Amino acid sequence: MPFRLGTRGSPLALVQAEAVRAALLAAQPEAQVEITIIRTEGDRVTDRALAEIGGKGLFTEAIEQGLLNGSIDIAVHSMKDVPTTLPGGLTIGAYLEREDPRDVLIGATCIEALPAGAGVGTASMRRRAQLLAKRPDLRVELLRGNVQTRLRKLEEGLVDATLLAFAGLRRLGLGHVGTPLSIEAMLPAVSQGAIGVECRADDSIIHKLLTHVDHAPTRLCVEVERAMLLALDGSCRTPIAGLAELHGDEVRLAGLVASPDGSHLVTERATARIADARRMGFELGTTLRLQADPSWFEP
């Protein structure tokens with residue numbers, strides 16, 4: 001009986017699902033893996049900001065319901081779309097090796113090179129805040145949709161520039177498009193570039209299979225970032241960024257929280273041994289929360 005793999009239906013989501021399918025077949029060549037496309041609320045509503053219609057779970061709830069009701073066996077997610085707390089009975093069974101987590105600016109060579117008053121399209125509060133912190137003259141406009149849709153709207157002149165995840169562009173064969181920004185210029189979203197494979201916690205057969213495709217360094221860094229996010233308890237209305245990187249036997253974490261208008265940024269960095277890294281992530285998130293204005297977290 002084939003394993004049923006649930007995914008969103010965007011071109012990028014399907015590329016990511018095929019990557020997971022290929023990894024599973026490499027680990028167990030005799031396995032059969034069928035891809036099931038599930039349309040989520042986030043895919044249906046594309047004319048409003050995520051914060052207005054429910055936040056991150058809009059891209060995962062329908063797929064996770066498929067896991068819970070048994071209509072699929074495996075779910076593939078971009079981990080930056082996954083809420084910090086999973087539904088009871090579900091777990092992330094594997095992470096594929098992380099892609100480049102940086103953002104790409106399309107429409108100028110750097111943020112400083114954008115023309116005065118340029119319109120930059122994004123649906124991300126994180127990107128909006130960091131842009132306005134550097135360039136308060138910019139007009140940041142709502143731009144949602146899959147990668148191809150956003151690029152088309154840029155070509156049509158609806159905005160002067162946009163920001164996209166380098167990981168998604170590379171996976172779609174568009175790694176040559178735009179200019180990757182340093183993490184100092186634009187700290188990425190928590191878990192950006194990481195693909196997570198979710199499954200039922202009590203499914204021992206799937207768990208055994210997923211152990212063969214799990215990339216331990218990616219799991220460690222993503223879990224450190226998500227520990228920071230858990231401590232911050234932020235929503236899609238709160239600009240939050242974070243990146244953990246493994247250096248030898250240490251993990252280095254950079255975190256950021258900001259006012260929605262970008263007028264105030266709080267940043268922190270920390271380093272810890274691997275054994276203490278997840279705790280370090282939570283502690284750094286706590287530190288950021290204490291330094292932030294409570295109004296930044298209001299719904």
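The values are calculated or read from the model by the stated rules, or taken from the named source; none is laboratory data. Note that the structure is predicted; figures quoted are calculated from it, not measured. Cβ sites come from the backbone with ideal geometry, for glycine too, and all protein chains shown count toward neighbours.
Miscellaneous remarks
- Tallying residues that are assigned to a helix (DSSP H, G or I) and touching a residue at least 24 places away in the same chain (Cβ under 8 Å) within the stretch 259-286 yields 11.
- Whenever a residue of the stretch 112-124 is under 17 Å from LEU181 (Cβ atoms) and assigned by TED's automatic domain parsing to the domain that holds GLU155, its partners that are among the small types (Gly, Ala, Ser) and part of a strand (DSSP E or B), lying with C-beta atoms within less than 9 angstrom and at least six residues away or across chains, give the pairs LEU114/ALA161; ALA118/ALA161; VAL120/ALA161; GLY121/ALA161.
- Residue selected from the stretch 24-59 under the condition among the β-branched types (Val, Ile, Thr), at pLDDT 70 or above and out of contact with any strand residue (DSSP E or B) (no Cβ under 6 Å at 6 or more places or on another chain), by the criterion surrounded by the fewest Cβ atoms within 10 Å (Cβ to Cβ): ILE37
- Matching residues in the stretch 186-224 - criterion: being within 14 Å of ARG98 (Cα to Cα), of a type outside the set (D, E, K, R) and assigned to a loop (DSSP other than H, G, I, E, B): PRO188, ALA189, VAL190, SER191, GLN192, GLY193, ALA194, VAL213, HIS215
- Where PRO239 falls short, out of the listed (1) more than 14 Å from the chain's Cα centre (by Cα); (2) within 24 Å of LEU164 (Cα to Cα); (3) touching a residue at least 60 places away in the same chain (Cβ under 8 Å): (1)
- When GLY121, GLY107, GLY157 are screened for being small (Gly, Ala, Ser) and crowded, with 21+ Cβ neighbours inside 10 Å, only GLY121 passes.
- For the residues SER259, SER263, the requirement of being out of contact with any Asp or Glu (no Cβ under 6 Å at 6 or more places or on another chain), polar (S, T, N, Q), surrounded by fewer than 17 Cβ atoms within 10 Å (Cβ to Cβ) and within 23 Å of ARG135 (Cβ to Cβ) singles out SER263.
- Pairs linking a residue in the stretch 155-177 that is closer than 27 Å to GLU97 by Cβ to a residue that is of a type in the set (Phe, Trp, Tyr), with Cβ atoms under 9 Å and 6 or more positions apart or on different chains, are GLY175/PHE166.
- Residue satisfying all of: in the stretch 132-148; over 23 Å from LEU243 (Cα atoms) and in contact (Cβ under 8 Å) with a residue 40 or more places away in the chain; surrounded by the fewest Cβ atoms within 10 Å (Cβ to Cβ) among these: PRO136
- Qualifying residue in the stretch 212-235 (condition: touching a Cys at 6+ places or on another chain (Cβ under 9 Å), at pLDDT 95 or above and not assigned by TED's automatic domain parsing to the domain that holds VAL15): no
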